[in-house]
Amino acid sequence: MAKCPVCDREYLEGKADFCSICGWDLAPFPLGRKQSKAYWKKEQLRLDWARRMWASSQVQGWETQLNQLQIQLQSAAVERANLQSQLEWVLYRLEQMNPDLIADSLSRLEEKISAIPEQTPPMSEVGMDYRQLMQLLAAGKWRKADEHTWEIILQIAFREEEGWLSAADIEKFPCTDLRTIDQLWEYYSSGLFGLRVQQEIWESEGGNYTDFCDRVGWRLKDSWAYYDELRFNLNAPQGHLPAIAWRKRSCYGMGKGMAAENLSFFTSRLTACTI
């Protein structure tokens, strides 16, 4: 008995063209027909992807998987390239089955692929991976997302050991990454959180840090909030998160910079990056 390379289902070799469980093509490759190394490398990539999809479907179910793909398509441009690859794989499999009977399906899929931009707008200038942040935000784990955002900022600025950013670090922070952080927070909170939201409140208060903190909930009844006192939920005031101008208490700031100064530097950088 042979086993399907995707789902490990046993089958009689030479008796089945497709796996009855996962649908993988089990037909033997025609004898005497040679293919290039590039072809076999591509085939291995398709097989690896099919295995990952099968394993994921067993845990979550196909309906959940499709919902996740839809969320990714709507929320992050970086996922479009991956979706395009998956659609191309579907086309490839359909072509192998029976092209004459699925011409309409192929046409529709090709239209979808052609509608996807060939070049995906970058999310990072330095190769930062934002998938974990997206997962935390999508799950509504706001505290973990805020802590991870700070970790990302320190990594990008090469200040992990110091644990804080200087004015110079903020002023040269990569624009693409700053916009990505802002857009992810704003998208997953439906406009409640984000750097741009904080920037607008900061400007509306004339750069007065005390009034700003009263608006966003970083000061409670004339008392400066500690980090553990923040409201990590959607009932928080607008602009409440992320807290990147300070870490322990809203009046302390971080490193050599006061919280008001750090916030001013971040909003100025965001303005410059937007322009």
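Descriptive notes on the structure:
- Any hit, the stretch 156-170, residues being crowded, with 17+ Cβ neighbours inside 10 Å, touching a Leu at 6+ places or on another chain (Cβ under 7 Å) and either closer than 20 Å to THR274 by Cβ or in the same structural domain as ALA245 (by TED's automatic domain parsing) (or both): yes
- Residues in the stretch 139-186 that are free of Cβ contacts under 8 Å to residues at least 40 places away in the same chain and among the β-branched types (Val, Ile, Thr): ILE152, ILE156.
- Pairs are defined by a Cβ separation below 8 Å, a sequence spacing of at least 6 or placement on different chains, a first member in the stretch 6-17 that is closer than 22 Å to GLN44 by Cβ, and a second member that is assigned to a loop (DSSP other than H, G, I, E, B) and aromatic (Phe, Trp, Tyr); the pairs so defined are VAL6/TRP24; CYS7/TRP24.
- Residue match in the stretch 122-139 (condition: among the charged types (D, E, K, R), in a loop (DSSP other than H, G, I, E, B), at pLDDT below 95 and under 17 Å from TRP246 (Cβ atoms)): no
The values are calculated or read from the model by the stated rules, or taken from the named source; none is laboratory data. No experiment lies behind these values; they were computed from the predicted model shown. All Cβ positions, even for glycine, are placed from backbone atoms using ideal geometry, and neighbour counts span all protein chains on display.
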